[in-house]
Amino acid sequence: MAATWSGPGEGERLWFLGTLATIKVPGEASDGRFALIEFLFPHGASPPLHTHPQDESYLVLEGALTIQAGADRFELEPGGAAVVPMGVPHTFRVDSETARVLVLSTPAGLERMVRDGSVSATTATLPPSDTPRPSPEEIAEIFRAHGQVNLGASLGSDDYY
């Protein structure tokens, strides 16, 4: 084991399902104990309600998210943080034009799923509209292979309390 670091703007940049994912610290650097990924999400981004075999922690750097975790729904703005324990059904929605969010996967694993569903990003921006994406069948298989179980719909733009 040796120290690992990534400076501002550094990391493994990937275009993942309409987002920019930058793996800042891969699981290999912590012997699988955790991975740290910085995401740039577009407005309205919202994955399906799902579970996976990792705790997922969020730290919002820029923008605003609504998070649904179990029976709880809350908003996070810059500086806000949350932890969703493994197995808790959750999703989120980007309420701002974009959001930059650090996601901590404990143990590591989310970064491997992101890698498997991504293409290398050629710029540190959201992907162009013609960026290749896995087919619905391929993404379902990627989720299955990494223990993500989709349970329901994403949070739509009209899904507010």
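The values are calculated or read from the model by the stated rules, or taken from the named source; none is laboratory data. What you are looking at is a predicted structure, and each value in this text was computed from that prediction instead of being measured. We place every Cβ from the backbone using ideal geometry, glycine too, and count neighbours over all the protein chains shown. SASA here: full protein model, heavy atoms, side chains in, ligands and nucleic acids out. Shrake-Rupley method; radii C 1.70, N 1.55, O 1.52, S 1.80 Å.
A simple count of charges around Ser135, restricted to other residues whose Cβ falls under 15 Å of its Cβ and scoring Lys, Arg +1 and Asp, Glu -1, yields -2.
Stretched out straight at 0.36 nm per residue, the stretch from Leu102 to Thr123 would grow longer than its current Cα-Cα span by 5.7 nm. Working ranking of peptides 127-133, 24-30 by packing, defined as the average number of other Cβ atoms within 10 Å per residue, highest first, is 24-30, 127-133. Counting Cα-Cα pairs of the chain in 5 Å increments starting at 0 gives whole-percent bin shares of 2, 9, 17, 23, 24, 16, 7, 2, 0, 0. Under 20 Å from a label point set 7 Å out along the Cα-to-Cβ vector of Asp130, the amide N atoms of the range 18-53 belong to 18-20.
Neighbours of Leu104 by Cβ distance under 9 Å: Lys/Arg scored +1, Asp/Glu scored -1, total -2. If you wrap the range 75-153 in the convex hull of its Cα atoms and look at it from every side, the mean projected area works out to 6.6 nm². Its Cα gyration tensor gives the range 8-97 an equivalent ellipsoid, and the semi-axes of that ellipsoid, as √(5λ) in whole Å with the largest first, are 20, 17, 12.
Taking the Cβ-Cβ separation of Ala153 and Leu17 as r and a Förster radius of 22 Å, what is the calculated FRET efficiency to the nearest 0.05? Between Ala153 and Leu17 the formula returns 0.90. Under the combined filter of DSSP loop state and at most 10 neighbouring Cβ atoms within 10 Å, the range 71-161 retains none of its trypsin sites (Lys or Arg not before Pro). Rolling a 1.4 Å probe over the protein heavy atoms of the range 34-124, with every protein chain left in place, gives an accessible area that is 58 percent carbon and sulfur.
Annotation note: chymotrypsin sites (Phe, Trp or Tyr not before Pro) in the range 27-60 located in DSSP loop regions with a Cβ neighbour count of at most 15 within 10 Å are absent. Please build a GNM for the chain, connecting alpha carbons under 10 Å apart, and tell me which residue among Glu62, Glu97, Glu77 fluctuates the most. Comparing Glu62, Glu97, Glu77 in the GNM, the peak value goes to Glu97.
For the options Ala145, Ala81, Ala121, a Gaussian network treatment of the chain with springs between C-alpha atoms closer than 10 Å singles out Ala145 as fluctuating the most.
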